[in-house]
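Contents: one structure, followed by commentary.
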Amino acid sequence: MKKLVRILIVAIGLTGAAQAETPPEFARANQEFGAGNFDIAIADYEKLVQTGNWNATLFYDLGNSYYRKGDFGRAILNYDRALALEPNHPEARANLRIARDNSHALQLAPAWTDRLLRFATVQHYTIAACIAFWAGLFGLAAFFVSRRSPFRMVLSLLALAVCGGLAYSIYVIENGNTGRSLAVVTSPNITARLATADSAAAVLALPVGSEVRILSQRGEWVYAALPNDLRGWMPATGIEQVRL
Amino acid sequence: MGRSRNQLVALLGLMFALLPPVAFGAEAPRVTAVLSNSQAQVGEMVQMQIRITGARGAQIPDISVDGLEIHQTGSSQQFEMRNFDMTQSVTYSFTILPLKPGGFTIPPQKIKVGSTTLETPELRLAVVGSGGTTARPSQGSQSSRGSGGNNADDAQTTGGKLAFVDLIVTKKAAYVGEMIPVEIRVGFNSRSHGRPLEPPELSSQGFTMQKVDVPDQPRIQTIDGRTYEVWSFKTAIAATRAGNFDIGPAQIGALVAVPKQRQQNSRPRSPFDLFNMDDPFSDPSFQDPFGYFTTMQRATLKSDPVHLEVKALPPNAPADFSGAVGNFSLTGDANPKSVQVGDPVTLTATISGKGNFDRVSAPTLEDEHGWHKYPPSAKFKQDDTVGFSGTKSFEMVVSPNEKKTNVPPLRFTFFDPLKEQYVTLKTDALPIKVEGGSMPSVAAAGPSATAAPARTTPATSAEPPVAATPAPQDILYQVTEWPARPGSFVPLYRSNIFLGAQLLPLAALLGYVGWKLRQRRLLDREARRTAALHHEANDLVRALKRDGVSPQEYYTRASQAIRVKTALALKIDPNVVDLDDVIAAFHLDEASRNRLQRLFEQTDELKYSGGGNGTQTIAPEQRRETLELIESLRA
């Protein structure tokens with residue numbers, strides 16, 4: 001048994017060591033960035049993104065490259081992606097603020113529930129909900145198969161209630177303004193309109209880097225929640241979703 | 001009987017036929033005029049009625065008052081009889097649409113009745129409303145009346161007897177985009193118990209229509225001597241292109257009571273139907289309060305279409321013209337009054353008046369140099385039920401890039417259909433104090449790129465402005481270390497590893513439950529065995545107390561009782577209990593041990609020697625001792 005555990009530990013260690021190895025495209029992209037060849041750096045970073053080998057650093061560096069190139073929309077998009085992978089990435093947070101200031105991007109106002117629940121991430125809520133769930137189930141099982149203590153029952157139900165509350169928090173965050181439907185305007189001259197036609201009345205002109213929340217899609221048009229509590233249709237090609 | 005009744009009807013008819021000339025001749029014609037309301041708002045319709053009593057065939061002149069749009073909408077006749085004195089009157093109805101605020105006087109109108117000329121009294125109307133409206137020459141309105149073509153009996157609904165629909169359009173000519181108030185009146189003869197089923201539909205290709213305002217209840221109105229319940233639906237339309245158009249017909253589904261089919265198609269004329277009005281409600285079925293003779297039927301009522309000429313807007317519109325047509329006023333404000341360069345300033349622009357507010361866009365800054373603009377937000381508060389008049393407020397956030405002493409004037413352009421020209425409104429320059437140095441221009445690329453201070457979303461710009469003067473910033477360095485662990489956008493609760501990991505607590509839970517259940521089952525089995533042994537021991541002791549038992553049977557039971565008690569004490573099988581077990585279990589003294597040994601020996605002796613076949617009995621003293629020994633065995 002001990003031998004098996006040792007083998008597992010070594011295997012996991014080797015796997016980790018293999019993942020930690022810097023891909024050559026990443027090193028090359030960094031060099032190109034340092035040399036001021038932002039287009040080549042972007043191409044190399046994007047190649048890595050295509051492979052699915054994602055991490056916050058990759059998106060952060062890609063965001064920096066777009067920023068240097070003057071593409072604030074994609075810079076903001078990639079900083080947002082870095083923060084989606086690693087919410088406490090301080091460099092990404094700082095650069096995102098600078099990019100937003102430069103592009104005059106509009107942000108979705110967070111709902112009060114978002115503000116209330118922002119002290120933890122979805123990952124934290126998931127783990128806490130999981131613990132509460134199993135604690136509740138074990139408590140209930142103990143109540144039914146062992147000594148029937150009302151205190152044990154109350155604790156179990158309380159744990160399950162906590163699990164329900166945490167699950168609801170996850171739902172609120174995931175479907176809120178910073179959730180899975182968050183998208184960023186990456187094309188210039190995007191105007192949200194009342195209907196799916198270029199001739200429809202304008203609702204809001206969106207600077208690049210502005211946040212929107214996708215509500216539905218119809219063909220090449222996307223219906224989205226906009227800053228200022230507005231809603232409107234915009235071309236799907238003009239925005240990109242933060243989560244890949 | 002029938003003949004005498006017909007004679008009576010004919011006599012009464014003759015009497016009524018002769019009466020009017022006498023009665024009418026007895027009274028000199030007179031005229032009155034009233035307004036339904038002496039106060040109104042701009043755009044709010046007022047009814048005017050001119051009533052001529054004692055004469056027919058009056059010639060009503062066109063009434064024109066500057067600032068009021070007055071149109072005749074119909075006439076009705078009334079007959080009244082008091083003490084055999086019959087009075088006839090004709091009421092002419094008008095609609096008045098105030099175009100501007102102020103006090104208006106409708107001068108006395110000369111009405112020629114035969115050889116007589118009557119004069120209406122002077123009427124005054126006070127009009128209030130939002131500023132900025134301008135009077136225009138009356139262009140006339142039109143109305144058309146139609147009646148029901150339907151699924152029900154056409155004969156019952158034609159001729160305006162049961163119901164009618166009036167489509168009233170206040171203008172004959174308008175410009176593209178101009179809002180035109182429209183009223184659709186649906187009248188039901190009061191005895192028809194009719195009511196509309198849904199808001200009316202208006203066929204108007206080439207027009208956009210506002211939401212129809214549905215009245216809560218009808219007004220009672222007398223038209224041509226009959227009482228009608230009139231439902232007045234209001235809306236407004238706006239043409240989308242130039243040309244000559246027919247508006248309507250207005251169409252509405254309604255429920256009306258119609259007489260049930262009778263076997264005889266011809267019915268005797270009512271004795272009160274003196275003027276051959278052919279009123280279907282003179283049918284006796286309508287005197288039936290319980291509706292025995294009537295049936296409710298769905299009918300589709302239609303008005304006639306109304307013609308409207310739509311003119312194109314003049315060319316060479318100003319660059320900031322967004323399609324607003326009407327009459328508007330503009331005010332503006334800026335807050336806060338003192339800011340630093342780069343701070344947000346909220347401009348509030350309010351556009352009030354009448355017109356197509358859906359095309360009213362935010363005013364523009366006359367000179368945008370040195371200002372950065374954010375997209376505006378808008379709110380509309382309508383003053384009427386159809387959104388024809390109201391106030392649209394815009395909030396725009398701008399931030400100065402350099403020192404300023406005021407915000408440039410706001411300007412807004414619209415087309416005024418009364419003046420027939422484009423009008424540009426301008427506010428005064430809004431005083432404001434901007435301090436601090438000029439902001440460096442934002443570099444599009446390169447390491448020297450600078451940044452403005454953090455800004456909030458314009459909609460939330462009421463937050464206190466950032467006080468610090470912005471400092472140039474550059475983005476942070478590139479990170480070159482490749483992280484050991486890859487990231488994923490898939491939330492943890494959807495990841496396969498996390499879901500797979502839940503098998504561990506699940507397995508632990510199942511194991512725990514299984515273990516607990518097994519433990520409980522084992523405990524149950526032990527308890528059942530113990531209970532059975534207790535039961536057996538009690539049975540044996542009771543049997544030992546009974547007489548007439550052979551010595552062999554007696555000693556066998558006695559030793560079995562001892563074994564069972566020992567088994568209970570030691571939690572072992574009774575069949576494996578021996579003397580040492582008994583002594584160890586109950587810590588017996590020497591005397592008890594000896595007695596117990598003797599008891600076991602006697603049992604064995606009787607069991608193996610066959611002594612049980614004899615007729616020996618056990619002495620009572622011996623039985624007592626044995627029972628005492630057994631009962632003394634307590635753990």
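Please list, in order, the residues from segment A:204-234 whose amide nitrogen is less than 18 Å from a point placed 7 Å along the Cα→Cβ vector of A:Asn189. Answer for this model: A:204-210, A:234. In order along segment B:531-536, the phi-based Karplus estimate (6.51 cos²θ - 1.76 cosθ + 1.60, θ = phi - 60°) of 3J(HN,Hα) comes to 4, 5, 5, 4, 4, 5 Hz; Gly and Pro are listed as x.
Label separation (A:Ser216 vs B:Asp474): 4.9 nm, computed from points 7 Å beyond Cα along the C-beta direction.
Straight-line cross-link reach from B:Lys373 at under 14 Å between alpha-carbon atoms covers these aspartates and glutamates, not counting any fewer than eight positions away in the same chain: A:Asp101, B:Asp343, B:Glu395, B:Glu402. Computed extension length for B:Phe489-B:Asp578: 24.5 nm, one decimal, from 0.36 nm per residue of separation with the Cα-Cα distance subtracted. Among the trypsin sites (Lys or Arg not before Pro) found in segment B:388-431, those both in a DSSP coil and sparsely packed, with 11 or fewer other Cβ atoms within 10 Å of their Cβ, are B:Lys419. Against the main long axis of the alpha-carbon atoms of chain A, helix A:24-34 sits at an angle near 50°. Annotation: for a label point projected 7 angstrom from Cα along Cα→Cβ of A:Phe144, residues of segment B:498-533 with backbone N closer than 17 Å are B:506-521.
Principal-axis analysis of the Cα atoms of chain A puts helix A:56-69 at an angle of about 10° to the longest axis. Across peptide B:374-381, the average count of Cβ atoms from other chains found within 10 Å of a residue's Cβ is 4. Counting other Cβ atoms within 10 Å as a rough exposure proxy, the listed residues A:Phe33, B:Phe415 run A:Phe33, B:Phe415 from fewest neighbours to most. Each of B:Thr391, B:Thr240 was scored by other Cβ atoms within 10 Å of its Cβ. Listed from fewest to most, they are B:Thr240, B:Thr391. Can you work out the FRET efficiency for the pair B:Ala319 and A:His124, with r the C-beta to C-beta distance and R0 = 45 Å, to the nearest 0.05? For B:Ala319 and A:His124, the calculated efficiency is 0.25.
Note on B:Lys302: lysines with a C-alpha under 28 Å away, same-chain residues under 8 apart excluded, are B:Lys161, B:Lys171, B:Lys172, B:Lys211, B:Lys234, B:Lys260, B:Lys311.
Could you work out how far the C-alpha centroid of segment A:190-214 sits from that of segment A:136-187, in angstrom? The distance from the Cα centre of segment A:190-214 to that of segment A:136-187 comes to 37 Å.
On a straight-distance basis, which lysines could pair with B:Lys607 in a cross-link, Cα separation under 23 angstrom, same-chain partners fewer than 8 positions away excluded? Filter leaves B:Lys545, B:Lys565.
Annotation for B:Val128 and B:Gln41: the two label points, set 7 Å from Cα along the Cα-Cβ direction, are 1.0 nm apart.
Counting neighbouring Cβ atoms within 10 Å and putting the fewest first, the residues A:Tyr60, B:Tyr493, A:Tyr168 line up as A:Tyr168, B:Tyr493, A:Tyr60. Amide H to amide H distances under 5 Å link B:Ala163 with B:Gly148, B:Asn189, where only residues 5 or more positions off or on other chains count and H is placed in the peptide plane.
Between A:Leu77, A:Leu48, A:Leu226, find the one with the highest GNM mean-square fluctuation for chain A; connect C-alpha pairs within less than 10 Å. Among A:Leu77, A:Leu48, A:Leu226, the largest mean-square fluctuation in the Gaussian network model of chain A belongs to A:Leu48.
Per residue, the average separation of C-alpha pairs within less than 8 Å and at least 6 apart gives segment B:350-402 a relative contact order of 46 percent.
Stretching B:Thr385 away from B:Asp66 to a fully extended chain increases their span by 112.3 nm, per 0.36 nm per residue minus the current alpha-carbon distance. The mean number of partner chain beta-carbon atoms within 10 angstrom of a residue's beta-carbon across peptide A:65-74 is 3.
To the nearest ten degrees, helix A:90-103 and the longest principal axis of the Cα atoms of chain A are 30 degrees apart. At A:Ile40 and B:His534, where each label point lies 7 Å from the Cα along Cα→Cβ, what is the point-to-point distance in nanometres? For the pair A:Ile40/B:His534, the computed spacing is 9.3 nm.
Averaged over peptide A:100-113, the number of partner chain Cβ atoms lying within 10 Å of each residue's Cβ comes to 4.
Every number in this text was worked out from the coordinates using simple rules, so none of it is lab data. Bear in mind the structure is a predicted one, so any value in this text is a computation, not a measurement. FYI the Cβ positions are ideal-geometry reconstructions off the backbone, even for glycines, and counts take in every protein chain you see.
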